Structures are given as C-alpha cells and as structure tokens.
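A.B. asks: So that we are looking at the same thing, I have put the structure below in structure tokens.
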Amino acid sequence: MNNELIFVVPESSHNEASLKSLLAKHPEIRFVSLVGIDLAGNDTDERIPIKLFLDDLDTFLHGPAAQTDGSSVVLPGIATLNNAKIDMIADLNCNWFIDYNYENLDPISKKPIGTLRIPCFLYHDGNPVDSRHTLKRSIEYFKTMLLELFSNHPESLSYYGVTLEDIDDITITAATELEFWVKTPNDKAEIEELSTSQVLHEQYWTRTKGSVRTALEQSLMLMESYGLEPEMGHKEVGGVKAKIDESGKLTHIMEQMEIDWRFSNAIQAADNELLVRNLVKETFRRNGLEVTFLAKPIDGVAGSGEHVHVGVALKLKNGNIINLFTPNKKHFLSSIGYGALMGILKNYEIINPFISATNDSFRRLKPGFEAPVCIVTSLGVNVEVPSRNRTILIALIRDMQNPLATRFELRSPNPHTNTYLAISVLYMSMIDGIKYALVHNKSEDELLKELSKAPGEDSVYLEKERAYRTEEDVFEFFSEEERSKYFGKAPATVYENLHAFDIYLDKLQTLKAGDVFNDALINSFKIAVIERWVTEIKNRIINNYMDEIRSAKMLHSLDKALDLDVTNWMAINELRHYIMKDTYAHKGVFTKIKEAIASEKYEKVSALQLELDEKMTILRNLYNSYRKNLLDI
C-alpha cells in the first residue's frame, strides 16, 4: 500500500497549482495540521479539514494561515493572558510530511487517512517567537558573519584555494541520533537485573526478536518512504532478555534501541528528528509496545541520548563542496574547525541550559554510563587515528577516506532536548570561535596549542584556569575534584544550569548577537523551564517518592529477626520519617521543598532536591540490603 501513498510534499510543490493537483489525486489526505515549535520543543497538532485548506489556500500559503491561543503553547512572558493571540505562518522552504493514521481507513479508497503537516512559524505582535524561527535566524546570522569574515580576511579562503566570488552558498548541516527504551505495557524489570545485563553487555548489538524486530523494521521502512535515508537500527546497551508466554509471544520486553539516519540542512534535520520520534512511537504502539524518550527512565541503568552532529561546508559555483572543518594539510582540523570547536567549549555554560532543561536530563548526566558531564573534547592521540573517546562532551568525527565527513558530535543532548534551540546555540557559539580564529589570523598549530593548554596556562580566547582537551578516560583518569577544577563544576539541577545566564553575562552576549536570542526570548525560556522543573518536583517526583517510601515496609518478624535486621530497619524507618513525615518539631524534606517552591526560593529548592535525591539513594540501598538479608519474606 505504501507505493500508492505520498509521504513528502517537497519545497517545489508549495504552490496553489501543485497542491490542488496533488490533493485531488490523493483524497485520503483529509486534514491539514500547522506545526509550530514552542520554546519547550512541543509541536502543535490540530486537524483542519482539507476543504477549508483548499478554499483558503492563498492565506494558508502566505499567512497568517491560522491563529492559536498563547495558553496552548509554551511562550510565558510573551503570550500573556491579556495579549495571547499567536499567528501561525507556514514555512514554504522545507519538506512537508503526510502523517498517516493506519488505524483509520478511508471508506472509499481503503487507504489510511492522512494529515498534511505543514511546519510553521509562530508570531506574536508581528514578531517571530518560536524555536523554528530562532534556528532560522541563527543560521542566517552564521552565514552572514562568515561571509563578512571571508571578505575581511581573504587569506582564510585562499587556504582552500578559492575566493569569495567562487562561493555559491554556505551549507549548514546537522544530524541527530535517537535512543529510546521499549517495553511491553505494565511490565517491570528489576533494576539489579537491568544493571547486571548492562555491565555484561548482554543486550548491546544482539539480535532483535518478535514484535520489537517487527516494529524496528517497520520504522526503518517508513523512514525510507519519507526519504530520510535510515542508516541503522540496533539494540543499545540497556535491556534484559524477554520471556515467552504460552502462545509463543514475547513478554516482559525491556530493551534499549537506537536509530540513525542521514544528515540534512539544519532546519530540515530538526524537522526530521521530530518526525522520527512520532513515527517510532506510533509504529511500536501498533505492535503493542510502549516507547519512552525520557533521558533516564530507570535510575541505575543507562539513559537515552540524542547526539547532535553539526558541520559547515562551502558549495562552490562549479558544483564542488569544501568541508570548512577539514584541513588541507596534516592536522586534526582547519583553523575554522578549531575556532568553531573552541567556540562551543568556551561558551558551553550558556549552551547547556538549552541542552539539559529537565529533571530527567540531569538524572542521565552523571559520571558513568558514558554520560558527558565535563566541558572537554578529544581529538585523537595522533592525526592518523580518529578519536573514539566516549567520555567527553564533544567529539571530533573524522573519516580518513572521506574529508566531507568531518564534523562535531555533541553527546549531551537527550530525546527531549529542543533540537531547534540546541542547534541554534551551537552555531551562535561556533561563529564566535571562528571569528576569534580568523580575526587574529591564528594558524592551526597556534589554535591546537591553545585548545590543548594545561590548566593555569595563559590563553587569549579560552579561560586560563581551565583545560579543554584530553585523550584520557575522563572518569577513570581524573578524580571528581580534578574534573571540577580542570573542566568546570557541572550543574547538578535545572536551577543550577539556568543560573549560568546570570553568572556568565559576557558569554550570554554570544547568543544575543544579531538579536537571535533577545532578552524576551531568553526570559520566556527561563520561566518555562523553571515552571516545568518545580511542577514536576511537586506533583510527580515527590508523589512517586511517597509511593516508594510507603512500599518500603518492615518485612521481618520479631521472633525470627536478627540484631542486624532490626538495626537495618531502624535506619530505614528513621530515613523514611526524615524525608516524608512532619511533626510539631520537624518538617520532612517533602514539606520543605513545597514551601520553598511556594515562596519561589529556587536556590533552596535546588539544594533540597539534591538532598532528597541523595537520601532516596541511601534509602534504596539500605532497603535492598535489609531485604536480601531476610530468609522469609
């Protein structure tokens, strides 16, 4: 049936004649949905009958096509209650996708009902306020500044044997990888079992079976239909072996998966990632499986990342492509490549709030599990051998046989990172570093030396007391104290991360350049993240911990218990009361957090959250030891 369906409406068809012809041939496409991306990365989704779309096609194409209430999107401080109207204007310069409902067939054609999803920009009072337009502005600024630098410093182009007149365009490329957990509904696996399987690498790259294999294959085939060019789908490190029921079906599925696909231009790459997330979730659901894109769905087991790859190339008028990161002599990177990498590393404190904006993301970013917590890169021990150091924040990806493949891989994002804003802040930081390299006419050797400097060594661009490169295992080679001293203390909560906006005001100017990120946008993002952070703590995390604490019951009988059992239980019960129970003389940690939230004392909330997580970890370990020491339960 897929051969009879249309999945993509390319940019060349975004005109009245083409759309009317296409929709007349495909009556199964019954709805239109305008897709705007708010500051939290949420995508709008509505169903507009196709007849209304065709009757007012000119307005849909040239806008504003529709309006929405500010309460339906995350734009706090911008779309206020007394001024909430948001205009939606279609983006004509990208692919539009058809989203099919395979469970609702058209009664005439027997084909699945389709919805034409049209990416759009969100405008408030005539100003763009959405994540998509922010990415568009950042790319425009990056290209404008790079061309200006080339004009003022022609020697930077002569390095590649070209002139400004030879350039047809600057190509900004990006790609993402998607990791996720899949399980059968209502089934739970023991954390210890998952952790053991992970350490033994029992699931990594093993064979997929049953409904998981079917859903994975269907997902990859659908991606091909959408022209996304999937490159690989496989099991990741997390998971346990499934069981077989009486009918021969697999049950108790708990597996971690990864899907990769080809790069594209920056905006299209973000659109593609959004499509793949929805496609994967629906495909696995149709096979009776639940998918979660949480960064750390299970404590003590590997979380899910979404590595973001970025690159820059010149498209010449003669049709040739030049990767601006690839050196023309024996080196890791060109001067532009070194500058771009240094720009990300120097400014990462104000990049990170857009990468890790949820409680869940910080549960993943802890030492171990290959989670990047330090602002540091790895280039390789020597130029001949590309680095595969998986403990660093940002990796240099090189293919010795393919110079066009040179790019950077940021390893900290997760599936709930707002990809549009993440790519935006990366390119804004990259142009800052490129500007330093070209304006000061820095050679590759000079930039490599600065990037590889020891802590305390003088530096023009990078911070004196910091180190930015290592070829060692960050977690094994350095102590926790050394990591904080050399690479900066990593934020431990959402609040600590956002506080970087107040601490690093000079670095924040990097994002504000060209008015790409203005004060209103940054303030709206901060409000949205804080609100989500405290709401989740108050209404979800505390409630879940309450259930966990209540389930930690006394299991021993008084006549059979040993002194150790009694002592263990007393320590557990004391901790349960400290965390949860209020008395006239003492308030539990839960109450302290709720009071701090109510009074908007967010620094105190942050400190109490860290204390709560620490106490819950101790409680789990104590209860696990207590339970395992009992013969009769």
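A.B. asks: If a residue must be in contact with a Ser or Thr (Cβ under 9 Å, 6 or more places away or on another chain), crowded, with 23+ Cβ neighbours inside 10 Å and assigned to a helix (DSSP H, G or I), how many such residues does segment 90-141 contain?
C.D. replies: Residues that pass the stated criteria total 4.
A.B. asks: Only one of these is surrounded by 17 or more Cβ atoms within 10 Å (Cβ to Cβ), assigned by TED's automatic domain parsing to the domain that holds Asn352 and modelled with pLDDT under 95: Leu274, Leu289. Name it. Walk me through it before giving the result.
C.D. replies: On the way: Leu274 fails: modelled with pLDDT under 95.
Only one candidate passes the filter, namely Leu289.
A.B. asks: Kindly establish whether Tyr436 is touching a residue at least 60 places away in the same chain (Cβ under 8 Å), within 30 Å of Phe525 (Cα to Cα) and assigned to a loop (DSSP other than H, G, I, E, B).
C.D. replies: Numbers: touching a residue at least 60 places away in the same chain (Cβ under 8 Å): yes; within 30 Å of Phe525 (Cα to Cα): yes; assigned to a loop (DSSP other than H, G, I, E, B): no.
No.
A.B. asks: Checking Ile336 against (1) over 20 Å from the mean Cα position of the chain (by Cα); (2) among the β-branched types (Val, Ile, Thr); (3) surrounded by fewer than 24 Cβ atoms within 10 Å (Cβ to Cβ), which single condition isn't satisfied?
C.D. replies: Among (1) over 20 Å from the mean Cα position of the chain (by Cα); (2) among the β-branched types (Val, Ile, Thr); (3) surrounded by fewer than 24 Cβ atoms within 10 Å (Cβ to Cβ), the lone unmet condition for Ile336 is (3).
Okay, residues lined up against (1) out of contact with any strand residue (DSSP E or B) (no Cβ under 8 Å at 6 or more places or on another chain); (2) at pLDDT 95 or above; (3) over 17 Å from Tyr495 (Cα atoms):
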position	(1), (2), (3)
Thr535	yes, yes, no
Ile549	yes, yes, yes
Ala585	yes, no, yes
Ser599	yes, yes, no
Ser606	yes, yes, no
Met616	yes, yes, yes
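A.B. asks: Now a separate question. Is segment 39-58 home to any residue that is in a helix (DSSP H, G or I), of a type outside the set (Val, Ile, Thr), within 34 Å of the chain's Cα centre (by Cα) and closer than 19 Å to Phe121 by Cα? Let's see the steps before the verdict.
C.D. replies: Let us first name the residues in segment 39-58 that are in a helix (DSSP H, G or I), namely 50-55, 57-58.
Adding the requirement that they be of a type outside the set (Val, Ile, Thr) leaves 51-55, 57-58.
When the remaining residues are screened for being within 34 Å of the chain's Cα centre (by Cα), the result is 53.
When the remaining residues are screened for being closer than 19 Å to Phe121 by Cα, the result is 53.
Among the residues of segment 39-58, at least one is in a helix (DSSP H, G or I), of a type outside the set (Val, Ile, Thr), within 34 Å of the chain's Cα centre (by Cα) and closer than 19 Å to Phe121 by Cα, which makes the answer yes.
A.B. asks: Output yes when any residue across segment 30-38 is surrounded by 15 or more Cβ atoms within 10 Å (Cβ to Cβ), in contact with a helix residue (DSSP H, G or I) (Cβ under 6 Å, 6 or more places away or on another chain) and closer than 26 Å to Ala422 by Cβ, and no when none is.
C.D. replies: yes
A.B. asks: How about segment 528-613: which helices (runs of 4 or more DSSP H) wholly inside it have at least 3 residues that are under 33 Å from the mean Cα position of the chain (by Cα) and not β-branched (Val, Ile, Thr)? So that I can check it myself, show each step before the final result.
C.D. replies: Numbers: elements: 542-551, 563-580, 589-598.
Where helices (runs of 4 or more DSSP H) fall fully within segment 528-613 and carry at least 3 residues being under 33 Å from the mean Cα position of the chain (by Cα) and not β-branched (Val, Ile, Thr), they are 542-551, 589-598.
A.B. asks: When residues of segment 603-633 are filtered for being among the hydroxyl-bearing types (Ser, Thr, Tyr) and surrounded by fewer than 18 Cβ atoms within 10 Å (Cβ to Cβ), how many remain?
C.D. replies: So the answer is 2.
A.B. asks: Restricting segment 371-394 to residues that are under 21 Å from Phe180 (Cβ atoms) and buried (at least 21 other Cβ atoms within 10 Å of the Cβ), which is modelled with the highest pLDDT?
C.D. replies: This residue is Pro372.
A.B. asks: Here is a follow-up. Take segment 460-485 and flag every residue that is modelled with pLDDT under 95 and either of a type in the set (Val, Ile, Thr) or crowded, with 17+ Cβ neighbours inside 10 Å (or both).
C.D. replies: Val474, Phe475, Phe478, Arg483 - these are the residues of segment 460-485 that are modelled with pLDDT under 95 and either of a type in the set (Val, Ile, Thr) or crowded, with 17+ Cβ neighbours inside 10 Å (or both).
A.B. asks: Give the number of residues within segment 344-370 that are at pLDDT below 90, assigned to a loop (DSSP other than H, G, I, E, B) and surrounded by fewer than 22 Cβ atoms within 10 Å (Cβ to Cβ).
C.D. replies: Keep residues of segment 344-370 that are at pLDDT below 90, which gives 363-370.
If we keep only those that are assigned to a loop (DSSP other than H, G, I, E, B) too, we end up with 365-370.
Narrowing further to those that are surrounded by fewer than 22 Cβ atoms within 10 Å (Cβ to Cβ): 366-370.
So the answer is 5.
A.B. asks: Related question: Note down all Cβ pairs under 7 Å where the first residue falls in segment 73-98 and is assigned by TED's automatic domain parsing to the domain that holds Ala40 and closer than 16 Å to Gly41 by Cα, the second is of a type in the set (Asp, Glu) and in a loop (DSSP other than H, G, I, E, B), and they're at least six residues apart or on different chains.
C.D. replies: Pairs found: Val73/Asp38; Val74/Asp38; Leu75/Asp38.
A.B. asks: Would you say Ala520 is out of contact with any helix residue (DSSP H, G or I) (no Cβ under 8 Å at 6 or more places or on another chain), under 29 Å from Phe142 (Cα atoms), touching a residue at least 60 places away in the same chain (Cβ under 8 Å) and not hydroxyl-bearing (Ser, Thr, Tyr)?
C.D. replies: So Ala520 passes the test.
A.B. asks: Please go through segment 1-31 and pick out each residue that is part of a strand (DSSP E or B) and in contact with a Pro (Cβ under 8 Å, 6 or more places away or on another chain).
C.D. replies: Filtering segment 1-31 for residues part of a strand (DSSP E or B) gives 8-9, 29-31.
Matches in segment 1-31: Arg30, Phe31.
A.B. asks: Kindly provide the set of residues from segment 283-317 that are more than 22 Å from Ile541 (Cβ to Cβ) and either polar (S, T, N, Q) or free of Cβ contacts under 8 Å to residues at least 60 places away in the same chain (or both), ordered by number.
C.D. replies: Thr283, Arg285, Asn287
A.B. asks: Is segment 68-83 home to any residue that is of a type outside the set (S, T, N, Q), closer than 27 Å to Leu279 by Cβ and not in a loop (DSSP other than H, G, I, E, B)?
C.D. replies: Looking for residues that are of a type outside the set (S, T, N, Q), closer than 27 Å to Leu279 by Cβ and not in a loop (DSSP other than H, G, I, E, B), one finds none in segment 68-83, hence no.
The values are calculated or read from the model by the stated rules, or taken from the named source; none is laboratory data. All figures in this text were calculated on a predicted structure; none of them were measured in a lab. Cβ coordinates were reconstructed from backbone atoms using ideal geometry, including for glycine residues, and neighbour counts include every protein chain displayed.
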